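Structure first, then comments.
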Amino acid sequence: MVEKEMNEKQKLLSGLPSVDEILKSKNGIDWLKVYPRRFVLQAIRETIDSRRKEIIGDISSNLSEELIIADIENTIEKLSSYSLNPLINATGIVIHTNFGRSVLSKRALENIKRVSGSYSNLEYDFVEGKRGKRYNHVKRILREITNAEDALVVNNNAAAVMLCLNTLSKGKEVIVSRGELVEIGGSFRMPEIMAASGAILREVGTTNKTHFFDYENAINENTSLILKVHKSNFRVAGFTEDVSIEDLVDLGSRHQVPVMFDLGSGCLIDLKPYGVYNEPVVKDIVKSKVEITTFSGDKLLGGPQCGVIVGKKEYMERIQKNPITRAIRIDKLTLAGFEATLQEYIDEEKAIRNIPTLRMLLQKPGELKNRAYRIAKRLKAKLKNAQIVVVSDSSRAGGGALPEVDLPTYAVSIKTDEISVNDIEERLRKGVPPIIARIKEDSLIIDVRTVRQEDLEGLVKGVSLALSI
Ligand SMILES: *Cc1c(COP(=O)(O)O)cnc(C)c1O
């Protein structure tokens, strides 16, 4: 009996194709034309190996050649696929740090391609025929948009803050309100950045209230900077007080202490006409005569990841000379994308129309409603058994921007008796392309604010697939 089983297994094992046979088959030859040899070999070996283990372990498996070939092909595709991939953001959170923050404008993408598919004058001065500075490419336009004396762009805003602190305050005190010692997503914590820069943190005031005299009393001969930090991702409500940037600038100038404002978001245009009241505009902050302002390129500004420092020339020159600047310098892809994004701001209406982050944030409710109904209609046509309705809801800006602003939105709400909402959410998340949606009570919520025109086909297909049993 045992012997008979052994013979049976032996027969199955010797029936398996060899690596070489598969490599030389039509499929093998075709794969080698498209995929790296290393992945083809690995996939064939892994697939045959797992079949062999199944036979030995008495696990019944389908040993048809067709299925083996299909398995190998799947494995090759997995091995050669990218790790970083696009997804469909149906959360309604526009500046989602986990989803890459801002989606770049067409113009930014085109410029990245134009510049980096060729040699460029990244650090070359045509006029003089000698070495130029990479930082100069966006200096003029940043000065024009913000009215600042000088500007410098580095890898991100965390690096910008660190560079400024290291240049102006290494071994010296920096006065910061306790209410502004923020932590921003992705482990940016003000006290830790300060420590890493070599500056000495001098906390003043309390969590909810910091007064002018708190700052004034803290100034001493070792004070190098007064730092104000925008509470990007939270609000203290109720019994609160903080000191305006104008008052801090006034205090600083009386004691010859420079003032720096870490704005976080980098809002370049006044959003009040669009109902957003609490976001300081870079130009207005510069007007207060603050010495240095820092902000991100990929939050409200809507460009690629980078950090911008604008300010008074004497400080900017010292900052640019710091050797750390070289270690956190901006690369040419980012520079090309950022210059193109900034060009849109020459005309504010164009910026709102062409920069996806601004366009998504400032969409009119009517527009959102129409899109939600269009998506719902297409889904209903495909999914007869699901309950699909358009609901009004609210979305968030995200990315540490506009924390107190709830943006009224429209969403497609989906529910079915056959599959639980958690299962639907998981299926969507694991689909190709992945679709990330919210769950509210027992329904799946597709917030259309962040669903782009280009996503519609994939969204309808993905949801239909996820809801078919
Ligand atoms: C987001 C933020 C930062 C960090 O900026 P990154 O561009 O993410 O490095 C620093 N300070 C404030 C106030 C922020 O909101």
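The values are calculated or read from the model by the stated rules, or taken from the named source; none is laboratory data. All values reported here derive from a predicted model rather than from experimental measurement. Cβ sites come from the backbone with ideal geometry, for glycine too, and all protein chains shown count toward neighbours.
Things worth noting here:
- Of all positions in segment 311-332, at least one carries a residue that is within 13 Å of the ligand (Cβ to nearest atom), touching a Lys or Arg at 6+ places or on another chain (Cβ under 8 Å) and either of a type in the set (A, V, I, L, M, F, W, C) or not assigned by TED's automatic domain parsing to the domain that holds Leu142 (or both).
- Screening Pro365 against (1) in the same structural domain as Ala437 (by TED's automatic domain parsing); (2) surrounded by fewer than 16 Cβ atoms within 10 Å (Cβ to Cβ); (3) under 26 Å from Asn157 (Cβ atoms) leaves a single unmet condition, (3).
- Single residue of segment 61-108 satisfying the filter (among the small types (Gly, Ala, Ser) and surrounded by fewer than 22 Cβ atoms within 10 Å (Cβ to Cβ)) that is farthest from Ile435 (Cα to Cα): Ser64
- Strands (runs of 3 or more DSSP E) lying entirely in segment 188-302 (those with 2 or more residues that are farther than 30 Å from Ile346 by Cβ and away from the ligand (no atom under 16 Å from the Cβ)): 200-204, 223-229
- Checking Ile48 against (1) over 30 Å from Ile445 (Cβ atoms); (2) in contact (Cβ under 8 Å) with a residue 40 or more places away in the chain, the condition it does not meet: (2)
- Verdict on Ser169 being within 17 Å of the chain's Cα centre (by Cα) and in contact (Cβ under 8 Å) with a residue 40 or more places away in the chain: no
- Restricting Tyr119, Tyr124 to residues that are of a type in the set (Ser, Thr, Tyr), at pLDDT 95 or above and exposed (fewer than 12 other Cβ atoms within 10 Å of the Cβ) narrows the list to Tyr119.
- Residue that is within 15 Å of the ligand (Cβ to nearest atom) and not hydroxyl-bearing (Ser, Thr, Tyr), where the choices are Leu152, Leu168: Leu152
- Residues of segment 173-183 that are within 12 Å of the ligand (Cβ to nearest atom) and surrounded by fewer than 22 Cβ atoms within 10 Å (Cβ to Cβ): Glu180, Leu181, Val182, Glu183.
- Index of the failed condition, Ser83 passing every other in (1) in a loop (DSSP other than H, G, I, E, B); (2) over 36 Å from the mean Cα position of the chain (by Cα); (3) polar (S, T, N, Q): (2)
- Qualifying residues in segment 252-296 (those that are closer than 19 Å to Asn155 by Cβ and of a type outside the set (A, V, I, L, M)) - the one surrounded by the fewest Cβ atoms within 10 Å (Cβ to Cβ): Ser265
- Selection of segment 433-467 for residues being farther than 23 Å from Gly398 by Cβ and in contact (Cβ under 8 Å) with a residue 24 or more places away in the chain yields Asp442, Val460, Ser464, Leu465, Ala466, Leu467.
- Residue in segment 349-357 that is in contact with a helix residue (DSSP H, G or I) (Cβ under 6 Å, 6 or more places away or on another chain), surrounded by fewer than 20 Cβ atoms within 10 Å (Cβ to Cβ) and basic (Lys, Arg) present: yes
- In segment 412-431 there is no residue matching the filter, namely being part of a strand (DSSP E or B), touching a Ser or Thr at 6+ places or on another chain (Cβ under 6 Å), closer than 21 Å to Asn98 by Cβ and not polar (S, T, N, Q).
- Just one of the listed residues (Lys299, Lys332) is of a type in the set (Lys, Arg), crowded, with 20+ Cβ neighbours inside 10 Å and under 21 Å from the mean Cα position of the chain (by Cα), and it is Lys299.
- Of the set (1) among the hydroxyl-bearing types (Ser, Thr, Tyr); (2) modelled with pLDDT of 95 or more; (3) surrounded by fewer than 14 Cβ atoms within 10 Å (Cβ to Cβ); (4) closer than 16 Å to Met190 by Cβ, all apply to Thr207 but (2).
- Residues that are within 27 Å of Glu241 (Cα to Cα) and part of a loop (DSSP other than H, G, I, E, B), drawn from segment 158-187: Lys172, Leu181, Val182, Gly185, Ser187
- Total residues in segment 411-456 satisfying the condition of being more than 22 Å from Leu361 (Cα to Cα) and out of contact with any Asp or Glu (no Cβ under 9 Å at 6 or more places or on another chain): the figure is 20.
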